[in-house]
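Chemist: Please see the structure below; I have some questions.
Every number in this text was worked out from the coordinates using simple rules, so none of it is lab data. These figures come from a predicted structure and were not determined experimentally. Cβ placement follows ideal geometry from the backbone for every residue including glycine, while neighbour counts extend to all protein chains displayed.
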Ligand code: 13P
């Protein structure tokens with residue numbers, strides 16, 4: 001059964017308003033099996049289904065997680081998986097007042113005719129997959145495509161990224177899922193913050209052009225942008241105030257206030273940096289809910305603390321809750337370190 005005619009109401013009010021609620025943000029725990037394998041290898045664990053299940057169980061069962069986290073993005077395996085004590089992961093999230101979401105893209109592949117850039121696959125069969133994910137309990141979706149500054153970005157790569165996001169967003173809404181629109185502008189490079197700002201303006205202009213052309217309902221989407229920062233290898237570092245100033249300026253110039261929530265990715269920033277930058281952006285009221293959808297900046301210390309040992313589960317969950325609470329305060333502009 002498709003979500004059908006009630007899809008509009010559902011995405012606009014029920015899901016968007018819950019996810020974009022004060023003091024809460026998204027836990028991105030949708031690492032593909034390949035990426036999850038890299039994370040597990042960093043703590044000396046094999047990339048088995050049992051290890052992925054144990055780690056994801058630790059995350060979703062952290063007591064009180066729903067006080068700070070409003071949505072959790074899952075990889076397909078987790079959407080259909082149970083915790084190690086046999087409860088459906090999705091049910092545990094719902095009990096915690098956390099909306100389950102699903103990564104629906106099929107990953108990046110080389111973009112022929114570009115400057116060594118990539119495009120994001122996954123539109124084929126997306127409508128039927130989305131309907132099945134909805135049946136399984138997912139209420140929002142994520143599609144991550146990337147833009148590289150050192151490689152251009154070429155006009156072709158930007159157009160492809162924007163078009164793919166817009167088609168995905170239309171298909172998601174049609175099937176009752178709130179689409180998270182994520183054109184990640186990679187941190188790699190030695191460019192300064194001004195260059196990132198210029199590229200981000202171009203990318204978001206194009207994304208909204210195609211979202212409108214595809215009749216996507218702006219009230220029923222969430223955005224997952226990169227913060228505007230200097231490239232990772234740039235010698236000039238930016239303060240949280242500078243990051244906030246550039247990023248908010250980008251949002252004001254490109255993002256209509258109808259969009260309910262802006263959930264930033266952490267993109268390789270340290271845990272504390274990601275919190276400080278978010279906090280700086282929430283020092284004055286914004287037209288949108290400005291919050292987080294972090295993977296690494298919520299999980300790095302948690303994963304290390306766990307180390308694959310059952311006796312460390314509680315300590316690892318405590319660390320996750322510390323990061324989640326810090327970002328919750330930053331969403332309210334009240335983080336003091
Ligand atoms: P990071 O916060 O680690 O960048 O991951 C967020 C994410 O989901 C990337 O798509």
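Chemist: Can you tell which of 225, 230, 257 is free of Cβ contacts under 8 Å to residues at least 40 places away in the same chain, crowded, with 22+ Cβ neighbours inside 10 Å and not in a helix (DSSP H, G or I)?
Modeler: Going through 225, 230, 257 in turn, just one is free of Cβ contacts under 8 Å to residues at least 40 places away in the same chain, crowded, with 22+ Cβ neighbours inside 10 Å and not in a helix (DSSP H, G or I): 230.
Chemist: Then there's this: For the stretch 67-82: of the residues being buried (at least 20 other Cβ atoms within 10 Å of the Cβ) and assigned to a helix (DSSP H, G or I), which is nearest to the ligand (Cβ to nearest atom)?
Modeler: So the residue we want is 78.
Chemist: Moving on to the next point. Looking at the structure I just gave you, is residue 200 assigned to a helix (DSSP H, G or I), over 14 Å from residue 103 (Cα atoms) and touching a residue at least 40 places away in the same chain (Cβ under 8 Å)?
Modeler: Taking the combined requirement at face value, the residue satisfies it.
Chemist: For the stretch 17-41, which residues satisfy the criterion of being touching a helix residue (DSSP H, G or I) at 6+ places or on another chain (Cβ under 9 Å) and over 25 Å from residue 106 (Cβ atoms)?
Modeler: 22, 23, 24, 25
Chemist: While we're on this one: Which residues, counting only those in the stretch 278-308, are crowded, with 24+ Cβ neighbours inside 10 Å and within 12 Å of the ligand (Cβ to nearest atom)?
Modeler: Within the stretch 278-308, 278, 292, 293, 294, 297, 298, 299 meet the criteria.
Chemist: Still on this structure, I have one more. Among what's in the stretch 86-116 and is in contact with a strand residue (DSSP E or B) (Cβ under 8 Å, 6 or more places away or on another chain) and over 23 Å from residue 54 (Cα atoms), pick the residue that is surrounded by the most Cβ atoms within 10 Å (Cβ to Cβ).
Modeler: It comes out as 105.
Chemist: Another one. If residue 162 satisfies every condition in (1) within 30 Å of residue 95 (Cβ to Cβ); (2) surrounded by 19 or more Cβ atoms within 10 Å (Cβ to Cβ) but one, which is the exception?
Modeler: (1)
Chemist: Filter the stretch 309-337 down to residues that are buried (at least 19 other Cβ atoms within 10 Å of the Cβ) and without any contact (Cβ under 8 Å) to a residue 60 or more places away in the chain and give me whichever is farthest from residue 58 (Cα to Cα).
Modeler: 330
Chemist: Looking at the stretch 167-188, I want the residues that are on the phi > 0 side of the Ramachandran plot and have a partner that is part of a helix (DSSP H, G or I) and surrounded by fewer than 24 Cβ atoms within 10 Å (Cβ to Cβ) with Cβ atoms under 7 Å, at least 6 apart or on another chain. Which pairs are those?
Modeler: The qualifying pairs are 176/7; 176/10; 176/134.
Chemist: Right, another one. Could you say whether any residue in the stretch 245-254 is within 16 Å of the ligand (Cβ to nearest atom) and assigned to a loop (DSSP other than H, G, I, E, B)?
Modeler: no
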